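Okay, structure first, notes after.
The values are calculated or read from the model by the stated rules, or taken from the named source; none is laboratory data. This is a predicted model, so every value here is computed, not measured. So basically every Cβ, Gly included, is an ideal-geometry build from the backbone, and we count neighbours across all protein chains shown. Quick note on the areas: whole protein, heavy atoms, side chains included, nothing else; ligands and nucleic acids left out. Shrake-Rupley method; radii C 1.70, N 1.55, O 1.52, S 1.80 Å.
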Amino acid sequence: MAVLGLGLMGRALVGAFLRAGHPTTVWNRTPGKAAELTDAGARPAATPEEAVAAAELVVVCVSDHTAVRELLDRLDAADRDLLAGRVLVNLTSGTAAQARENAARVAATGGGYLDGAIFAVPPAIGTPEAVVVYAGAPADFERHAPALRALAADATTHLGEDHGLAALHDSAVLGLMWSILNGFLHGAALLGAAGLDATAYAPLAARTTVTVAGWLADQAGQVDAGTYPAGDATLETHIATMDHLVEESAALGVSTELPDLIRALAGRALAAGQGGAGYAVLVEQFRRPAPAAGHGAGE
Ligand SMILES: NC(=O)c1ccc[n+]([C@@H]2O[C@H](COP(=O)([O-])OP(=O)(O)OC[C@H]3O[C@@H](n4cnc5c(N)ncnc54)[C@H](OP(=O)(O)O)[C@@H]3O)[C@@H](O)[C@H]2O)c1
């Protein structure tokens, strides 16, 4: 295979391919980043065209979509048919629309395209911790899945034919990650205002995160069914305690932005008559664009 882009992630991908015994040709825009990899057995290419010509599976992992575009332009300019019969796997982060744009470009050259998303940091690549998902034609995935499993042995998943699905999952999971971290950091700021260490709070926060993770399957079932029975607590009960969070934050001089957002979403559901439902009813607030400022703030 060939790997284009030898940044932190690209180098980790190459390391995993080599450890799994896959002959790997590598290229990076700025020379000098391949030395360690070539010592480990990678074959350096002087140009991306040379790297692509050496492989049926071409993995791209560069900074962003602009860099992917530039790379595709360069390959196109060198040889319009270079990607024909090959599969390009793009592991660069991006949006669903960007993935579909890349897929159309590569298809026009007669090549296959898989868009992937990596849920791991570079040192985890090739370990049981790594999760990598792919989207695109099933035949392209099946052809190269044995090699791609070198990156994430137990968690190499094909999401479907729509090339945008990997990026969409990436965005969803990043939103989840930032929500967990923001909740933790806001709590740390609250406790910090009372002179307490975040380190002392971390075990309780971690335990709560695990508890909440255990609720997700049930919440998902409610979201999919479109019914939100209040098993343990109604949204109204949640709202009363959300108000405590807003008040505590304001009283301690801590930012109220995050609690205000949480309270505003719940307030809109309450105004829609959903106060007696379970928490998952809030998905209906997320399903539509936020109301314009000054409108629909709730009860
Ligand atoms: N690092 C992570 O933890 C992680 C996790 C999941 C996903 N990702 C994704 O993986 C991708 C790469 O991340 P990274 O951590 O490896 O970033 P990085 O260390 O900054 O490396 C960026 C790479 O992109 C190359 N590049 C930038 N612009 C280019 C262009 N116009 N043409 C050709 N090559 C270009 C750089 O080449 P030069 O050496 O010439 O600058 C470098 O090889 C990103 O999309 C990132 O979101 C990273």
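For the listed peptides 53-66, 71-84, a ranking on the average number of other beta carbons within 10 Å per residue, highest first, reads 53-66, 71-84. The residues of the chain expose, per residue, 52 Å² of accessible area to a 1.4 Å probe.
Overall, the anisotropy analysis places region 1-90 in the prolate class: the square-rooted eigenvalues a ≥ b ≥ c of its C-alpha gyration tensor yield a/c not less than 1.5, with a/b exceeding b/c. Using C-alpha pairs below 8 Å separated by at least 6 residues, the relative contact order for region 169-286 is 30 percent. Over the chain, dividing the summed -39,500 (n - 2.57) contributions of all DSSP H runs of at least 4 residues by the number of residues returns a 222 nm mean residue ellipticity of -16000 deg cm²/dmol.
Can you tell me how region 92-215 classifies by the Cα gyration tensor, rounded, prolate or oblate, using a/c under 1.5 as the rounded cut? Prolate, because a/c is 1.5 or more and a/b exceeds b/c.
Taking Cα centre as origin and charging only the Cβ of basic (Lys, Arg, +1) and acidic (Asp, Glu, -1) residues, the dipole magnitude of the chain rounds to 560 debye. Of all the options PRO31, PRO123, PRO138, the one that moves most in a Gaussian network model of the chain with Cα springs shorter than 10 angstrom is PRO31. What Kirkwood Rh does the chain have if only Cα atoms enter the pairwise 1/r average? Answer in Å. 22.0 Å is the Kirkwood radius here. With distances taken between every two different alpha-carbon atoms, region 2-162 has a Kirkwood hydrodynamic radius of 15.3 Å. Seen against the Cα atoms of the chain and their longest principal axis, helix 216-225 is set at about 90 degrees.
With a cut-off of 14 Å between beta carbons, the residues surrounding LEU6 carry a summed charge of +2, where Lys and Arg count +1 and Asp and Glu -1. Counting only protein heavy atoms and a probe of 1.4 Å, the accessible surface of region 91-239 is 63% carbon and sulfur. The mean of 1/r over all pairs of different alpha-carbon atoms in region 169-286, once inverted, gives a Kirkwood hydrodynamic radius of 15.5 Å.
Compared with the dominant principal axis of the Cα atoms in the chain, helix 138-148 is inclined by about 80°. With a cut-off of 14 Å between beta carbons, the residues surrounding GLY85 carry a summed charge of -1, where Lys and Arg count +1 and Asp and Glu -1. In the chain, the longest principal axis of the Cα atoms and the axis of helix 198-213 are about 80 degrees apart.
Relative contact order (percent) for region 2-162, with alpha-carbon contacts under 8 angstrom and 6 or more residues of separation? Relative contact order of region 2-162: 19 percent. Relative contact order, whole percent, for the chain stands at 11, derived from Cα pairs under 8 Å and 6 or more residues apart.
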